[in-house]
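*Asks:* I am attaching a structure below and will ask some questions about it afterwards.
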Amino acid sequence: MFYRFVRGLVGIFLLFVFRIKRIGQENVPKTGGAILAVNHKSNWDVVVVSVTCPRMLRFMAKSELFENKLFGGLIRRLGAFPIQRGKGDIGAIKGALSTLNSSHVMLMFPEGKRVRGEAVTDAKAGVAMLATRARVPVIPVYISGKYKWMSKITVKYGSPILFDEYYDKKLTMDELQTLSNDVLRKMRSLSTENKIMAGK
């Protein structure tokens, strides 16, 4: 109830601030666990995807954000759980797997950090690792546009990526990296589609 109330208020606000348009949200499964693989260029990304996704999202947030009990409690109620960046946080991995195994939708940034402009980076292998271990689909999502007053932001949800052929296999890090890079490639391809549609 609290999540829906806050999402509704924020959604109305952002509708006027950024003129958000969402495409393909029907690609998000109605039930079961799933990963949303989203490009990352701003702190607004989590908020914008949260108000356009038809289901409640869970997402990792840096542990420092939870040091303030009031703010930490708020973002927990909005779906966040802590991760210690750069420390190989096993607890965060277990938390992510538990989240997915509990049939929640989890937001992840395959690039692992904010990427400006057209910079080219590899994906983090964790996307494929979590998807294959939890046996959930990955839905690529791309946010196009600039976060400026009354600018147009388009959030496009792509078709689910299934890794079911790998569920019973023990994959190497190189194999996980290859699968994660494929997710990143499909995610970025949605940007080209958005540009084509914007030009019509």
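Every read-out reported here was derived from the displayed coordinates using simple, explicitly stated rules and does not represent laboratory data. In this text, all values refer to a predicted model and were calculated from it rather than measured experimentally. Positions of Cβ are generated from backbone atoms using ideal geometry, with glycine treated the same way; all protein chains shown enter the neighbour counts.
*Asks:* Among 147-156, 180-189, what's the highest-first ranking by average C-beta atoms within 10 angstrom per residue?
*Replies:* 180-189, 147-156
*Asks:* Between Ser103 and Asn43, what FRET efficiency comes out of the Förster formula 1/(1 + (r/R0)^6) with R0 = 22 Å and r the beta carbon distance, rounded to 0.05?
*Replies:* For R0 = 22 Å, the calculated efficiency reads 0.20.
*Asks:* Work out the charge dipole of the chain with +1 on the Cβ of Lys and Arg and -1 on the Cβ of Asp and Glu about the Cα centre, then indicate which of Val105, Val17, Tyr3 is farthest towards its positive end.
*Replies:* Val17
*Asks:* From the Cα gyration tensor of region 86-186, with a ≥ b ≥ c the square roots of its eigenvalues, which class applies: rounded if a/c is under 1.5, or else prolate if a/b is larger than b/c, or else oblate?
*Replies:* prolate
*Asks:* Could you point to the label whose value was computed as volume of the Cα convex hull per residue in Å³ for the structure here, given (1) 128; (2) 99; (3) 200?
*Replies:* Checking each listed value against the structure points to (1).
*Asks:* Can you give me the distance in nm between label points at Val6 and Lys148, each placed 7 Å from the Cα along the Cα-to-Cβ direction?
*Replies:* Between Val6 and Lys148, the label points sit 3.0 nm apart.
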